[in-house]
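Student: Supplied in structure tokens, the structure appears directly below.
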Amino acid sequence: METILYDVSDGIATLTLNRPDKLNAISLALAEETGAAVREAGADPAVRCLLITGAGRGFSAGADLSAVQSLAPEGGGPLPLGDILRRAYHPMIVPIVKLEKPVVAAVNGVAAGAGCSLALACDFRIASEEARFIQAFVRIGLIPDSGANYFLPRLVGIAKALELAVLGDTIDAQEALRVGLVTKLAPPDKLMDEARAFCERLARGPTRAYALTKRALAFGATGDLESTLEYEAELQEQLALTHDVVEGVRAFLEKRQANFQGR
Ligand code: T3D
């Protein structure tokens, strides 16, 4: 892979966006390779948590604007932005949201435009105290994309989402924590250690319960009470079949730590 690094150890897959000279701007190759690596993490039983970060001083500066012009049709015409999103960006974002394992973003620096959407698609964001978040789309005359219109109102409410999207201002890490965009902050030199420790905790957890929690919350966010109650009952029935529920209950009764195996 040319634009990302991917490594698995101790139950954690680490995916590093790796175009540091362009602040990890998203080329078609980076989008494709990221989506493929996320799917690989999903299929690999050795992976129980996915960590996404950026090489160098940025997390991701969004769409690679230096490459966009070259995608214009020969002989002129509008940029095929819809096609690019459908073909490259959506297959990068959807597998992250659907991954049946926890996904943590270690936001090491600026996250702008679709790079911010990529961070928001993750289940948790641990940000460097020097990270910045920018809904940069409006600065080039676009609306938020790559799922920002889905993630932002859910995380910060529609009024704040509108403010961030319309003004396109830079918000610093402290403000991002205050409004609920990030889970926690870490000093820049401790970010990866803290993110890794967070992932280690998740990788030792009941992976199937995490997966079905993601599904249940997504369902509950749009469903009515009765259908959500029924959905919860169905998912608990599935979990009752897992090793981890048997082990969790037994460990409680034996007054010891559960040894979850993710199955
Ligand atoms: O269908 C579609 O394709 C549409 C999809 C759209 C989705 C989007 O993401 S739209 C939004 C695209 N992103 C942006 O508009 C952000 C552009 N970048 C910036 O505004 C700034 O770079 C930042 C605020 C993110 C960071 O500023 P700063 O001062 O820390 O760094 P810098 O000096 O501006 O950037 C460092 C280098 O990265 C620089 O290259 P150089 O001059 O050293 O050779 C810069 O050109 C490059 N870079 C930064 N962002 C991008 C980029 N190169 C290509 N594309 C970028 N998005």
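Student: Any idea what diffusion coefficient segment 1-99 gets from Stokes-Einstein, in µm²/s, Kirkwood Rh on alpha carbon pairs, 20 °C, 1.002 mPa s?
Tutor: The diffusion coefficient I find is 150 µm²/s.
Student: Pull out the extension gain between Glu100 and Leu241, defined as 0.36 nm times the separation in residues minus the alpha carbon to alpha carbon distance; nm, one decimal.
Tutor: Computed gain between Glu100 and Leu241 is 49.1 nm.
Student: Check cross-link reach from Lys98 to the aspartates and glutamates: straight Cα distance under 19 Å, and skip same-chain residues fewer than eight apart.
Tutor: Answer for Lys98, where 19 Å is the Cα cut-off: Glu32, Glu33, Glu40, Asp44, Asp123, Asp145, Glu232, Glu234, listed by chain and number.
Student: Determine by what factor the alpha-carbon radius of gyration of the chain differs from 2.2 N^0.38 Å, reporting the quotient.
Tutor: Normalised by 2.2 N^0.38 Å, the Cα Rg of the chain equals 1.05.
Student: Quick check on the exposure proxy: order Tyr231, Tyr89 from fewest to most C-beta atoms within 10 angstrom.
Tutor: Final ranking by Cβ density, sparse to dense: Tyr231, Tyr89.
Student: Okay, moving on. In whole Å, what is the distance between the alpha-carbon centres of segment 73-144 and segment 160-218?
Tutor: Cα centroid to Cα centroid, the span is 15 Å.
Student: Separate question: Can you give the Rg to Rh ratio of segment 148-189, both from alpha-carbon atoms, with Rh computed by the Kirkwood formula?
Tutor: Reported Rg/Rh, Kirkwood definition of Rh: 1.00.
Student: Give me the net charge for the shell around Leu241: Cβ to Cβ below 14 angstrom, other residues only, Lys and Arg +1, Asp and Glu -1.
Tutor: Net of charged neighbours comes to -2.
Student: Within segment 52-69, which residues have the backbone N less than 17 Å from the label spot 7 Å out from Glu40 along Cα→beta-carbon, could you tell me?
Tutor: 52-55
Student: Still on this structure, I have one more. Using R₀ = 35 Å, calculate the FRET efficiency as 1/(1 + (r/R₀)^6) where r is the Cβ-Cβ separation of Ala29 and Glu74; round to 0.05.
Tutor: Using R0 = 35 Å, I get an efficiency of 0.95.
Student: May I pose another question? Pull out a ≥ b ≥ c, the square roots of the eigenvalues of the alpha-carbon gyration tensor of segment 183-252, then state rounded if a/c is under 1.5, prolate if not and a/b is larger than b/c, and oblate in the remaining case.
Tutor: Cα axes put segment 183-252 in the oblate bin.
Student: Sticking with this one: Once label points are set 7 Å from the Cα along Cα→Cβ at both Lys190 and Thr228, what is their separation, rounded to one decimal in nm?
Tutor: Those two pseudo-labels are separated by 3.6 nm.
Student: State the percent of C-alpha pairs, over all pairs in segment 56-206, separated by a distance greater than 20 angstrom.
Tutor: Roughly 49 percent, rounded to a whole number.
Student: What percent does the relative contact order of the chain come to when contacts are Cα pairs within less than 8 Å and at least six residues apart?
Tutor: 16
Student: Would you mind computing, in nm to one decimal, how far apart the modelled labels at Thr183 and Gln261 are, each placed 7 Å from Cα along Cα→Cβ?
Tutor: Placing both labels 7 Å beyond Cα along the Cβ direction yields 2.6 nm.
Student: Test of understanding: what is the full-extension gain from Glu2 to Leu155, defined as 0.36 nm times their sequence separation minus their Cα-Cα distance?
Tutor: Extra length from Glu2 to Leu155 when fully extended: 51.8 nm.
Laboratory data are not the source of any read-out in this text; all were calculated from the coordinates shown. These figures come from a predicted structure and were not determined experimentally. Ideal geometry is used to build each Cβ from the backbone, glycine not excepted, and the neighbour counts take in all protein chains shown.
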